[in-house]
Amino acid sequence: MDAEETGGGLDRRAELSEFLRTRRARLKPEDVGLPQFGRFRRVPGLRREELAQLAGVSVAYYTRLEQGNGQNVSAEVLDSIARALRLSDAEHQHLVHLAKPKRHRRKAAARTQQVRVALRQLLESIDGVPAYVVGRRSDVLAWNRMAAALFGDWGRLPAPERNWARQVFLDPAYRELFVDWEGKAADMVGYLRMDAGCHPDDPQLSALVGELSVKSEEFRRLWAAHDVKEKTHGEKRMRHPLVGELTLYFETFRPADDAEQSLVTYHAEPGSPSADALRLLASWGSDATAVRTG
């Protein structure tokens with residue numbers, strides 16, 4: 001049953017329609033080897049006719065798909081459209097989730113997320129490296145002492161507010177923490193979009209998107225772009241109130257028994273000023289967490 005039928009989540013058909021439209025709008029004919037006829041075009045990017053030609057499908061077929069009617073589309077056609085639109089791996093996966101949603105996801109989306117005891121013990125044993133476990137909707141499920149010292153003590157927040165997207169867009173301290181806050185904000189929206197593709201009928205995700213859309217103009221703008229991103233690895237520059245600027249590298253690990261949870265770690269290049277700053281932060285102990293939270 002689709003989200004629009006249950007009234008409990010995002011409208012999957014509208015999500016599919018807008019995703020395809022925005023991906024098509026970002027391409028120009030010359031980007032895909034098509035001739036450019038005339039200087040003025042009524043629509044940005046490729047026309048539906050041009051995209052259908054590239055994908056090897058009829059215009060009527062593609063039009064139905066872009067209108068959100070993807071129930072009977074084959075995997076081969078989706079692959080062709082993904083190639084024509086030059087989708088990234090994450091975007092391709094998102095398209096498949098929207099066009100051919102798996103059934104019985106409402107129960108999974110509503111299930112309380114639990115972190116295994118052994119995984120919590122692993123977090124606590126990681127010394128000197130900020131690490132946390134994040135679940136669906138960017139909810140923070142568990143963290144170690146160094147993560148609290150770097151990002152703030154999520155334990156002081158009510159459980160529903162322990163959420164990365166809420167903190168990035170609604171907590172001014174996070175704007176100060178991330179040197180490239182705009183990049184971090186765009187990443188967070190991309191992660192939420194991926195989650196929405198997997199669980200369009202998740203009412204908690206829909207409520208989170210609604211709240212952030214009301215409270216943050218930046219979130220509304222980024223959400224409307226329909227960009228998607230998978231959390232993997234990368235570099236973040238931060239400005240901590242105790243130890244100053246750090247350049248840290250994050251890695252994402254997914255437990256084999258739960259693809260909806262991720263262990264995320266942050267480390268510094270050995271021998272770098274950032275590594276010294278992390279050691280200094282660790283030496284502050286609980287005082288660092290208190291200062292960061294305050």
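For this structure, a couple of remarks:
- Ordering of 24-33, 222-231 by packing is 222-231, 24-33, highest average first (other Cβ atoms within 10 Å, averaged per residue).
- With the cut-off at under 20 Å, measuring from each backbone N in region 17-32 to a point 7 Å along the Cα-to-Cβ line of Tyr61 picks out 17, 20-21, 24.
- Simple Cβ-charge dipole of the chain, Lys/Arg +1 and Asp/Glu -1, about Cα centre, in debye nearest 20: 720 debye
- Extending 7 Å from Cα along the Cβ direction at Asn72 and again at Ala207 yields two label points whose distance is 3.9 nm.
- Judged by the mean number of other Cβ atoms found within 10 Å, the most tightly packed of the peptides 273-280, 190-197 leads the ranking 190-197, 273-280.
- Sites Arg156 and Ile126 - FRET efficiency at Förster radius 22 Å, r taken between beta-carbons, to 0.05: 0.55
- Taking label points 7 Å from Cα along the Cα-to-Cβ direction, Val32 and Glu218 give a separation of 3.3 nm.
- Estimated D of region 117-293 in µm² per second, where Rh is the Kirkwood radius over Cα pairs and Stokes-Einstein applies at 25 °C, 0.890 mPa s: 147 µm²/s
- Cross-link pairs Lys100/Lys236; Lys100/Lys229; Lys28/Lys236; Lys102/Lys215; Lys100/Lys231; Lys102/Lys236 - those with Cα-Cα distance over 28 Å: Lys100/Lys236; Lys28/Lys236; Lys102/Lys215; Lys102/Lys236
- Ordering of 137-149, 90-102, 232-244 by burial proxy (mean other Cβ atoms within 10 Å per residue, highest first): 137-149, 90-102, 232-244
- Simple spin-label estimate for Glu49 and Glu235 gives 4.7 nm between the two label positions (7 Å along the Cα-to-Cβ direction from each Cα).
- Cα lying deepest toward the dipole's positive end in the chain, options Pro255, Leu208, Ser274, charges on Cβ: Leu208
- Relative contact order (%) - the chain, alpha-carbon pairs under 8 angstrom, separation at least six: 19 percent
Each value in this text was obtained by applying a stated rule to the coordinates, not by laboratory testing. This is a predicted model, so every value here is computed, not measured. Every residue, glycine as well, gets a Cβ built from its backbone with ideal geometry; the counts of neighbours run over all protein chains shown.
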